[in-house]
Structure formats: structure tokens, C-alpha cells
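Single-structure report; data block below.
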Amino acid sequence: MYTQCPGCSHTNISPVLDAQDHTVSHETFSIWECGNCTLRFTQNVPEPAAIGRYYQSDAYVSHSDTKKGLINRLYHIVRNITLQQKHKMITAVSGKKTGSLLDVGAGTGAFAAVMQQNGWKVTGLEPDETARANAQQNHGLTLQTLESLHTLPAASYDVITMWHVLEHVHDLHGYLNRYQSVLQQSGTLVIAVPNYTSFDAQHYGASWAAYDVPRHLYHFSPASMRSLLAQHGFEVVALKPMKFDSFYVSMLSEQYLTGKSNLFAAFINGWKSNKKAASSPEKSSSVIYIAKKR
């Protein structure tokens, strides 16, 4: 039970909503918000040694790579598009066509495989044994455990990426400290996380699928992300939207809210969310933060 903000350590924290784990346990968890940095966080989360069971579901597509069900099939179709977009973006924001890349929370290795195929030297870290096995089977990739992060040499990577991973990490500040160490001075840190200030988050409230308790330990706003990264010597230099996320999250949220799939309503709300974010990626359903060492 946090008595101070896990992001900025301020004590001005208070509850904002209760959210249900719709994927595994159906337990309810309280989400609080910091009045100083605006970070939201899940209270009473399981310890690192105990949280593994909350990931044990065929529906958890980032680990199982399942294609069961319409939403998961659509996820794979969209992922094939976004993987190429991510490669182009990494090339653009790093200013490099090839280099060394550390992908933390690599899942089943799809992104790491694409970058490796395009000439990058890739190190992938993934805590889940099933996901690592799928990465080996599907892409021939040998992913390392997260413990390897603490043995990597200093200043050894041009780019570090976390695609929807930071919200899962118990040791939030420890990881960011390590990134400061292993990233080259001219390197680029790329972090993608859901954004609770988006239209779809406001629309679905406690049923917003990207709260994903208790797997998501933290729930970021652009202000809280800037504050957190600044504490560890990083400056956010650009924000980019993840436009497909609003549709995917809305499809799941419709199920959580109404108990049934409603693709039309999900599409409308996803479209509205992207429209709201058209003038500023700070309102996107999920935001990619591009950061450099200060």
C-alpha cells in the first residue's frame, strides 16, 4: 500500500477509481493519483514473485501470441503494420540506419526480429518463460531474462525501447537508472505507454482496458512521464501517437463495459479519440515518448 507517490515520492495522493482484472482473477484493485506529478498507480499490487499468475492466460496476447478470437486476430494484422512503422521511426529518431538496440520486455520477439532483419544488433530481455519460448520458436530469437539488464556494459546501446512495458515494472527507478548507464551519450530512449488523459480513457472510466490491473502498476499522463524521466537525467524531445491503440483498447473496453463485443461503438470511440489527439499526441490513447540524455 503506497503512502507516497512511486513516481515523485510526494505524499499528496488520493484514490480516483476501482478497476477490475477482466483477464485472469476478476479481482478489484484501487487506483490512486498523485496531486503533484499526476501519476496514477495501482494499490496493493502483488509482489514480483507473486504477480506471475496474473499473466497466465491465453488471452494475454503479448505472451501467448494467440490468434484466438476476433480481437486477437485483428491485433496480429495491425501488429504487422506497426512493426514496420516502428522500424522507420527508430531510424528517424536515432539518426541511424543500423546500430545497437536493447528491447526491454520483448514479449514474443516480433519487434526485435524485425529490427534484427534490418541490420540492427539487438538484445532482447523478457521475464516470461512462455514468451521467450515463443520468441525462439517463431523467430529463432534467444531472449535473455530481465536480470541480464544489471550485467550489461555501460554506454553500449544506441537505442533502448520499451513497448508497453514500463507500466509493468516494479523497480521503476532502478530500471531508468540502468538505462541512463547503458545508453550511449548520444543515444535515444523510446518508451510507449497508455495515456489515461486520452478521450477513450475518459469515456470508459474504470472499464478502460488499458488500466489492466494488476499487471499495469502505473498509469501515466504526459506530465507524469516528463517528471519521471527528468528525475533520471532524460529530456522528452518528442511525443508520437499510437493511433491503432485507441481502436484496440476501445474494443476490449466495450466488452468490459457492456459484457459483449460492439465493434461499431468501439470504432466510433477509437475514431473520436484519435480526432481529439489530432492536434496533439498528448491526447493519444497511447503515447510514444522519445527521450535523450540531458
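The values are calculated or read from the model by the stated rules, or taken from the named source; none is laboratory data. Because the structure is a prediction, the values reported are computed rather than measured. Reconstructed Cβ throughout: ideal geometry from the backbone, glycine too, with neighbour counts over all protein chains shown.
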Exercise. Just one of V104, V114 is modelled with pLDDT of 90 or more and touching a strand residue (DSSP E or B) at 6+ places or on another chain (Cβ under 9 Å); which is it?
Worked result: V104
For this session: State which residue pairs qualify: first residue among the small types (G, A, S) and inside the stretch 47-64, second residue in a helix (DSSP H, G or I) and at pLDDT 60 or above in any location, beta carbons under 7 Å apart, and separation of 6 or more residues or different chains.
Result: S64/T130
Problem set entry | Residue check for L74: farther than 30 Å from K260 by Cα, surrounded by 16 or more Cβ atoms within 10 Å (Cβ to Cβ) and modelled with pLDDT under 95 | no
Exercise. Among the residues of the stretch 257-288 satisfying the criterion of being under 25 Å from V165 (Cβ atoms) and hydrophobic (A, V, I, L, M, F, W, C), which is surrounded by the fewest Cβ atoms within 10 Å (Cβ to Cβ)?
Worked result: I288
Problem set entry | Answer from S221, S286, S227 - the residue that is among the polar types (S, T, N, Q) and over 23 Å from G187 (Cβ atoms) | S221
For this session: Being under 21 Å from the mean Cα position of the chain (by Cα) and assigned to a strand (DSSP E or B) is the filter; apply it to the stretch 116-152 and report the residue that is farthest from G174 (Cα to Cα).
Result: V122
For this session: Output the residues belonging to the stretch 83-99 that are in contact with a strand residue (DSSP E or B) (Cβ under 8 Å, 6 or more places away or on another chain) and either of a type in the set (G, A, S) or part of a helix (DSSP H, G or I) (or both).
Result: K86, M89, I90, V93, S94, G99
Exercise. Which ones in the stretch 18-48 are out of contact with any Ser or Thr (no Cβ under 8 Å at 6 or more places or on another chain) and among the hydrophobic types (A, V, I, L, M, F, W, C)?
Worked result: F41, V45
For this session: Please determine, by comparing only the residues of the stretch 1-46 that are in contact (Cβ under 8 Å) with a residue 60 or more places away in the chain and among the aromatic types (F, W, Y), which one is farthest from P194 (Cα to Cα).
Result: F29
Exercise. For the stretch 1-49, which residues satisfy the criterion of being crowded, with 17+ Cβ neighbours inside 10 Å, among the β-branched types (V, I, T) and not in a loop (DSSP other than H, G, I, E, B)?
Worked result: I13, I31, T42
Exercise. Does I290 satisfy the condition of being more than 21 Å from C34 (Cα to Cα), under 14 Å from the mean Cα position of the chain (by Cα) and either free of Cβ contacts under 8 Å to residues at least 12 places away in the same chain or assigned to a strand (DSSP E or B) (or both)?
Worked result: yes
Exercise. Quick check: anything in the stretch 241-255 in a strand (DSSP E or B), over 28 Å from I51 (Cα atoms) and either touching a Pro at 6+ places or on another chain (Cβ under 9 Å) or modelled with pLDDT of 95 or more (or both)?
Worked result: yes
For this session: Quickly run through the stretch 95-143 and pick out the residues that are β-branched (V, I, T) and in contact (Cβ under 8 Å) with a residue 60 or more places away in the chain.
Result: V104, T130
Exercise. Just to be sure, is V190 free of Cβ contacts under 8 Å to residues at least 60 places away in the same chain and in a strand (DSSP E or B)?
Worked result: no
Exercise. Do we find a residue being in contact (Cβ under 8 Å) with a residue 24 or more places away in the chain and closer than 26 Å to Q4 by Cβ anywhere in the stretch 235-252?
Worked result: yes
Exercise. Looking at this structure, is A230 surrounded by 19 or more Cβ atoms within 10 Å (Cβ to Cβ) and either at positive phi or at pLDDT 95 or above (or both)?
Worked result: no
